[in-house]
Structure formats: C-alpha cells, structure tokens
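This report refers to the structure that appears directly beneath it.
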Amino acid sequence: EADIYQTPRYLVIGTGKKITLECSQTMGHDKMYWYQQDPGMELHLIHYSYGVNSTEKGDLSSESTVSRIRTEHFPLTLESARPSHTSQYLCASIPTGQLNTEAFFGQGTRLTVV
Amino acid sequence: AQSVTQLDSQVPVFEEAPVELRCNYSSSVSVYLFWYVQYPNQGLQLLLKYLSGSTLVESINGFEAEFNKSQTSFHLRKPSVHISDTAEYFCAVSVPRDSNYQLIWGAGTKLIIKP
C-alpha cells in the first residue's frame, strides 16, 4: 500500500477564499505531481516537481501554485477559489530512477467552490 | 505528439462474462505502458505494466494486457469479471520528456458489471 496522503478528502468552499490542498508522501520519492480529474476526461497534469525547490507547470493551465520545500510535501494553493476550480485533484509520486515509472496516487481531494 | 485513446467511455458487461477494454496510443518513440484502476472515491492504483520482455502481462486479480507494437495497442482483458471489478480503468503511456519520463493518460473506461 502506497504511503501518499491527501487532505482534505472533500472540501466545499466559497468563492474568493484561499485554499491549500495538502499532499505528503513518506516514500522518499523525488518526483511529485498534481493532476486535475474531471468526469469522462483524461487526467490533466497541472504541476510537477522533480525535487526540492523544483516546480514546473504542467500541460493544463492552472491558476494554482505549488511549492516543494521538503521532499515529502507538495502542497497546492489557490489564492482565490472560483466555481471553475471545482474538480477532483489527485497527487502522485514516482520513485527516483527512469525505468521505474509506476506512479503512486493519493486518494484525491474533491473540491467544490460555491 | 503522444496521445492515448480509450475507445469506450463505458463498458457494461454481465458478471462472469469476459471483457476487453481497449487502449491505443500514438508515439514516435518507445514507450512504457500501464493500466491503472480507480475504485469509487479512491485514487488510482497500478493494475499492470509493460516495460519490456514478454508482451503479455498479467495482474494478480486475473486481468491481462498485451502490448501490440504494430497496432500500437495495449488492450486489457479479463475472461470472467466479478462485481468487485466495478471501477474506472485508465490506460497510460510513459514517454521521455525533459530527460525524465512523463505519463500521458487516456480518458478512462468505466467498467459496469451487471448482476
């Protein structure tokens, strides 16, 4: 069983609020990812990190920001939430080493902005 | 550009019947291939993967997938499904990017088991 945790699991919040979605892994993985998942759509990569102090934007434009101050922690922040941000957010990590590309996922945060 | 196509958004099948979930990919380079499963209200879990060697790979719960390079496919099959297989299944390919590998995802196929 993978040791990657996301909190909260569910969040309903008003428009304009600042929120941080937490993601932590205890496996020492260098690579971490945030995906946005909407029904019937492929997972869209919004941010990734290959290590401490390394963050990059993914293929899907997002108003969120991320930080990677510690290997195990990769939080995602929305400064001002909007209804268009309503979605499921999945965090994942991948072990170091190019051939071992299995991704481990957290259980997700379902965000609803009202 | 690389892409993954899962041809069916939903596949309804009776319990104990066989099932095939289709996945095709496009890539000009060698790839690694994966199937992930997402049970209701859960994150994704790896079901099986093809990295190299035998083109037929199996999971511990009876699923198998065959890598077909000429058809650029990696279809998932199970000879007899159970109600517990109800989930969404995602096909993914891992392609080189920025001296690392990046996962490209299909849109998922919901497997609906009818009693």
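The values are calculated or read from the model by the stated rules, or taken from the named source; none is laboratory data. Computed from a predicted model, the values in this text were never measured in an experiment. Counting neighbours? That spans all protein chains shown, and the Cβs are built from the backbone with ideal geometry, glycine included. Please note that ligands, DNA and RNA were not included when accessible areas were found on the heavy atoms of the full protein model with its side chains. Shrake-Rupley method; radii C 1.70, N 1.55, O 1.52, S 1.80 Å.
State in Å² the accessible area per residue of chain B; use a 1.4 Å probe, count heavy atoms of protein chains only, and round to the nearest integer. Let's see the in-between values first.
Details: 5490 Å² over 115 residues.
For chain B, the per-residue accessible area is 48 Å².
When ligands, DNA and RNA are left out and all protein chains stay put, how many square angstrom of accessible area per residue does chain A have with a 1.4 Å probe?
Details: 5340 Å² over 114 residues.
It amounts to 47 Å² per residue over chain A.
Show me you know the interface measure: the accessible area buried between A and B, both chains summed, probe 1.4 Å, in Å² to the nearest 100.
On the way: alone 6390 and 6540 Å², together 10830 Å².
Accessible area lost upon association: around 2100 Å².
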Notebook entry, point to check: So which chymotrypsin sites (Phe, Trp or Tyr not before Pro) in segment B:1-47 end up in coil per DSSP with only 16 or fewer other C-beta atoms within 10 Å?
Noted result: none
Margin query: Counting only other chains, and only Cβ atoms inside 10 Å, what mean value do you get across the residues of A:40-50?
Written below: 4
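Given a 1.4 angstrom probe, I'd like the percentage of the accessible area of segment B:3-114 that is carbon and sulfur, rounded to a whole number.
50 percent
If you roll a 1.4 Å probe over segment A:4-113 with all protein chains in place, what percent of the accessible area is carbon or sulfur? Let's see the in-between values first.
On the way: 2620 of 4930 Å².
Accessible surface attributable to carbon and sulfur in segment A:4-113 totals 53 percent.
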